[in-house]
1. Among the numbered conditions (1) touching a residue at least 60 places away in the same chain (Cβ under 8 Å); (2) more than 29 Å from Leu130 (Cα to Cα); (3) not in a helix (DSSP H, G or I), tell me where Leu15 comes up short.
2. Please work out if Leu102 is of a type in the set (A, V, I, L, M, F, W, C) and exposed (fewer than 14 other Cβ atoms within 10 Å of the Cβ).
3. Go through the range 23-34 and count every residue that is of a type outside the set (A, V, I, L, M) and surrounded by 22 or more Cβ atoms within 10 Å (Cβ to Cβ).
4. Go through the range 20-35 and give me each residue that's outside any loop (DSSP other than H, G, I, E, B) and either out of contact with any helix residue (DSSP H, G or I) (no Cβ under 7 Å at 6 or more places or on another chain) or in contact (Cβ under 8 Å) with a residue 60 or more places away in the chain (or both).
5. Do we find a residue being modelled with pLDDT under 90, in a loop (DSSP other than H, G, I, E, B) and among the charged types (D, E, K, R) anywhere in the range 99-112?
Amino acid sequence: MRATSALGEQLEQALARAGDGVFVVGEDGRILLWNRAAERILGYSAREAMGGNCCDLFAGRDEHGNRICYRGCAVRALLKLGEPVQSFDMQTRTKGGRSVWLNVTILAHGDERHRCSVHLFRDVTASKELLTLVHERLARPAGPGEAVPPTTGGDLTRRELEVLRLMAEGLNTAATADRLHVSSATVRNHVQNIFAKLGVHSRLEAVAHATRARLLPAPPPGRPPSPA
């Protein structure tokens, strides 16, 4: 079955031009479409990827090293049941052998005659590596003589330190507002003040900086800092 039969020409053309990597999988698990972004991210050309089984090409694993790409995988089982598939991260390798982390979103498409699944993915390796660094630094105290950033965070207010602590626990803006019994707008203002005082541009950077500067106690295990 060709991709056009399952997708429709307009949708196929849109996916081919998408900025994220896209591949389309038929009911038999074989790749029907492979766009240019997928080729750029993983190094496989459309000619190399199309017609092959997606589980063989990706051989993806989760954060614990468990194989999540295999024939009849959980994703295909959920799609057959008509259940939605939550986006997930998986580790795979490029054609050149480089390890990469991908965030994958899957959409079911088609009808009883032509069914397929559209997989959109992006490279999140840099974010994963930064999170790993943050968690490692949170898990151990700084050693003797270990450099501490010059900005200590002494200018942060008590409330800003509370917001920073909740960032480290992985709470997003809405959850932080609920925890502190303030509005989301107030939380966003605190976050912007924290960024300015620490000289950072994101929540991950703020938590990493706070960890190096020992501004916060190690948070309990939980979610990574949310971007929202």
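The values are calculated or read from the model by the stated rules, or taken from the named source; none is laboratory data. Just so it is clear, the model here is predicted, and its values are computed rather than measured. Methodologically, a virtual Cβ is constructed for each residue, glycine included, from the backbone with ideal geometry; neighbour enumeration extends over all protein chains shown.
1. With (1) touching a residue at least 60 places away in the same chain (Cβ under 8 Å); (2) more than 29 Å from Leu130 (Cα to Cα); (3) not in a helix (DSSP H, G or I) applied to Leu15, the lone miss is (3).
2. No: the conditions fail for Leu102.
3. 2
4. Within the range 20-35, Gly21, Val22, Phe23, Val24, Val25, Gly26, Arg30, Leu32 meet the criteria.
5. Yes, the range 99-112 contains at least one residue that is modelled with pLDDT under 90, in a loop (DSSP other than H, G, I, E, B) and among the charged types (D, E, K, R).
One line per residue, one yes/no per condition, for (1) part of a loop (DSSP other than H, G, I, E, B); (2) surrounded by 15 or more Cβ atoms within 10 Å (Cβ to Cβ):
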residue	(1), (2)
Arg47	no, no
Cys55	no, yes
Arg76	no, yes
Val85	yes, yes
Thr92	no, yes
